[in-house]
Each structure stands twice: as C-alpha cells, then as structure tokens.
Ligand code: GRF
C-alpha cells in the first residue's frame, strides 16, 4: 500500500468544510491523515472540532506579525513542521504572498463559493443575487499568486431561487461544498490530478 499522505488544513472560522473533509477521510478510509488544522484566529470555532477528533491544532495569529511576509513565513514554518503533501484552504480568509503560494505550488487547494471565474473575492452570494443569474455555486481550485484564479479542479452549480437571500443561497451552496471539496481532495490524494496549460485533468480510471 502507498504511504499515507499528510494533509494540513487552514481555517479562519467555522470550519464546516474542514469538518466535511475530516469526516470523509475517516469514513472512506483515505490513505491520508489530517496532520494538523491551523488557524490565523485563536477563536476559530473549527479548532474545537479538530481537537475533539484528536487532530493537532495550531494558531498562527496574523495580528502578531508586522507584515504579510512575516506572517506567511511564520505560517509556512508551522505548516512545514507537519510535512504536508497537500495544504487545504478551508475558509482561510487571508490574501497570501507570492512567495507563500509559490512554495506550495501544485499542492495547495482552495474552495471558493462561486462559479469561478465569476465573483472572485468576498461577498460572492450577494454578487450572484445582484447579477440576475439563474445559477450560483462553488469551485475547488489550485492556489496560485492571483486570488481565486488558479487551475480549477471541480465545480458545483445550484439554482438561484425566487425569494433567495444571501443567507439562503449561501446555505444551498455550502451543502454542496461539503461534497465537492472532500471529493476533489480525495482525487488529489489518489494522484488523479494533473495540471497542464493552467487546466486540470482528472484521471477517472480505476487504480
Ligand atoms: C465557505 O463558503 C468557503 O467556500 C469559503 O468560506 C466559507 C467557509 O466556511 N471560502 P467554513 O469555515 O468551511 O464553514
């Protein structure tokens, strides 16, 4: 059997996507372990879930560092202490320096609550509602220096319904995120993902 892969998950808050990943890894017996959950906020709710599941947790608080570069360097050394094969951003609300994204090139994923390339950045649900589009969704992508612009691994669409608010729409998307993200991460762990010319190919053959 192939060696267990190490996954490090970064969060800033609730951590429901992290929770979905932890549960899927366990239930589906991935050849991977969640080596650590790291937050830039000491009060991130998700840290409690991780700790209660026996996962190592750490806080690297951006407010303790004088610059983005200093914070990213500190964060990188904590992450690398867990020898990650994959770094998973799960509601990690930080703009990352180019040096940091280069260090994890090809081994860092993010989930963004829109159908990229539509609506990078914040307030995606409000923007989707204001757009008049019939559909919204979420995207898993490799992280590159440009915010919310890396090669896309997978997407899910949900309808925008009459009477939707940002909250009802966000909830409909989030439910799908919890399926989309674990599946994409599993593909990575299973070695199914290759990137060529900025596009991701998923190998769906059994192996
Ligand atoms: C999710 O909607 C995710 O797509 C976005 O931030 C939210 C995080 O939620 N990046 P949670 O912390 O995973 O519950």
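For the reader, a short list of remarks on this structure follows.
- Residue 83 touching a strand residue (DSSP E or B) at 6+ places or on another chain (Cβ under 6 Å), over 13 Å from residue 13 (Cα atoms) and surrounded by fewer than 16 Cβ atoms within 10 Å (Cβ to Cβ): yes
- Residue among 122, 129, 115, 96 that alone is within 16 Å of the ligand (Cβ to nearest atom), touching a residue at least 40 places away in the same chain (Cβ under 8 Å) and under 21 Å from residue 75 (Cβ atoms): 96
- Of residues in the stretch 35-60 being closer than 16 Å to residue 84 by Cβ and assigned to a loop (DSSP other than H, G, I, E, B), the one farthest from the ligand (Cβ to nearest atom): 60
- Subset of the stretch 132-170 [near the ligand (Cβ under 10 Å from one of its atoms) and more than 16 Å from residue 21 (Cα to Cα)]: 148, 170
- When restricted to residues that are surrounded by 23 or more Cβ atoms within 10 Å (Cβ to Cβ), more than 7 Å from the ligand (Cβ to nearest atom) and part of a helix (DSSP H, G or I), the stretch 7-31 contains 1.
- Subset of the stretch 111-149 [crowded, with 20+ Cβ neighbours inside 10 Å and part of a helix (DSSP H, G or I)]: 124, 125, 128
Every number in this text was worked out from the coordinates using simple rules, so none of it is lab data. None of these values were measured; they are calculated from a predicted model. Here Cβ is always computed from backbone atoms with ideal geometry, including for glycine, and neighbour counts include all displayed protein chains.
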